[in-house]
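Heads up: the structure comes next, in structure tokens.
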């Protein structure tokens with residue numbers, strides 16, 4: 001059975017996608033060259049999977065059910081940072097936003113683990129560039145445009161993307177929103193205490 005490469009991500013709204021693209025263009029101008037992830041649409045990776053069509057269907061059903069109780073919120077990014085070992089420049093979320101995203105990633109991984117093994121992302125972030133040479137990364141981290149950031153987007157669901165081997169990039173497959181429903185076991189009301 002043929003397997004497909006699936007990427008599950010949080011993706012900013014269209015304005016956020018355009019803003020991150022403008023930062024990537026600034027990096028391109030500073031480096032005077034293309035680089036890995038230059039053409040990649042802004043996203044926060046949750047996990048990558050190799051799945052059959054049947055496994056995709058089962059995971060989608062589980063995620064739709066599991067995420068109907070998850071709530072949306074704005075996530076804020078307040079600084080640029082880097083991973084020198086992988087030559088990555090990225091936008092880092094605030095502590096509060098990071099905790100929110102990590103909680104969602106844990107929930108998503110729980111649902112997926114019921115179907116296939118998964119290695120979820122441990123550090124949610126928005127990549128500007130990766131695979132950069134040490135000198136290029138240093139040039140970007142010292143550039144004025146990458147000194148301060150004040151960015152946010154409303155995180156209200158996840159996006160499943162499928163890798164297109166001919167075009168060599170991921171394409172949107174389907175969105176699964178956070179439902180915002182109250183859990184049945186979280187119903188309000190008074191507790192009855194037994195007295196003897």
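Every read-out reported here was derived from the displayed coordinates using simple, explicitly stated rules and does not represent laboratory data. Owing to the predicted nature of the structure, the values given are computational and were not obtained by experimental measurement. Cβ placement follows ideal geometry from the backbone for every residue including glycine, while neighbour counts extend to all protein chains displayed.
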Taking the chain as a Gaussian network, where each spring joins two C-alpha atoms under 10 Å apart, which residue of 38, 76, 96 fluctuates the most?
-> 96
Does segment 45-146 classify as rounded, prolate or oblate by the C-alpha gyration tensor (a ≥ b ≥ c root eigenvalues; a/c under 1.5 gives rounded; else a/b over b/c gives prolate, otherwise oblate)?
-> oblate
With each label point set 7 Å from Cα along the Cα-Cβ vector, what nm distance links residue 60 and residue 5?
-> 2.1
Using the Kirkwood radius over Cα pairs of segment 1-96, the Stokes-Einstein translational diffusion coefficient at 4 °C and 1.567 mPa s, in µm²/s and rounded to a whole number, is 80
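For the chain, what is the mean residue ellipticity at 222 nm derived from helices alone (per DSSP H run of n ≥ 4: -39500 (n - 2.57); sum divided by total residues; nearest 500 deg cm²/dmol)? Before the final figure, lay out each step's value.
On the way: 4 runs with 60 residues, N = 196.
Here the helix-only value at 222 nm equals -10000 deg cm²/dmol.
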Between 0 and 90°, nearest 10: helix 95-113 axis offset from the chain longest Cα axis | 70
If the viscosity is 0.890 mPa s and the temperature 25 °C, what translational diffusion coefficient in µm²/s does Stokes-Einstein give for the chain when Rh comes from Kirkwood over Cα pairs?
-> 134
Cα→Cβ-extended label distance, 7 Å offset, between residue 175 and residue 134, nm = 4.3
Rounded to the nearest Å, what's the spacing between the alpha carbon centres of segment 68-111 and segment 52-66? Just the number, please.
-> 23
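Highest mean first, how do 161-168, 20-27 rank when packing is the count of other Cβ atoms within 10 Å averaged over residues?
Values: 161-168: 11.5, 20-27: 17.6.
Averaged packing, sorted descending, gives the order 20-27, 161-168.
Could you state, as a whole-number percent, how many of the C-alpha pairs of segment 74-124 are farther apart than 19 Å? Walk me through the numbers on the way to the answer.
Numbers: 501 of 1275 pairs.
Distances greater than 19 Å cover 39 percent of the Cα pairs.
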